[in-house]
Amino acid sequence: MRRWVRTEDVNGPEVLKHKESDKEWSPEEKLELFSRVLAGASNQSVAIEARVAISLLYKWVRHYKESWYDGLVNRRKVRLQKDPDMTKVNDNNPRKLEKTEYEELVRLRAENEYIKAEIEVLKKRSP
């Protein structure tokens, strides 16, 4: 609440209205704010005057200290393209089996039934 009052005192009542869109800060503008902090102004006062969140200003200062000017350049996170081989298989609409695949499926099912029957016989024989 105090921050809102200080922000209104410095920038007027218009500052408390909801913004239509987020402002894109250029690296030069960020550097200017950082230089004011470096000159001795508090992070909070610089953030209030610039109408920027104090957490964002702290982040810019940290990035500048870590990477100098390159830390202030906007870096959008790029989403990697999905691997086409990793696409989800549609289980509701499976592809049609070829004749050889169908024959192998029938053979494997029969073999599976034979093995299950064999296991049952072995269970009955052992006491």
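Starting from the Cα gyration tensor of the stretch 29-69, take the square roots of the eigenvalues, sort them a ≥ b ≥ c, and report rounded, prolate or oblate (rounded when a/c is under 1.5, otherwise prolate if a/b is larger than b/c, else oblate).
prolate
Any idea how far apart Asn112 and Glu98 come out in nm if each label point goes 7 Å out from Cα toward Cβ?
With each label point 7 Å from Cα toward Cβ, the separation is 2.2 nm.
Taken together, the values in this text are just the output of simple stated rules run on the coordinates, not laboratory data. Values in this document were obtained by computation on a predicted structure and should not be read as measured data. Please note: Cβ atoms are built from the backbone with ideal geometry, for glycine as well, and neighbour counts cover all protein chains shown.
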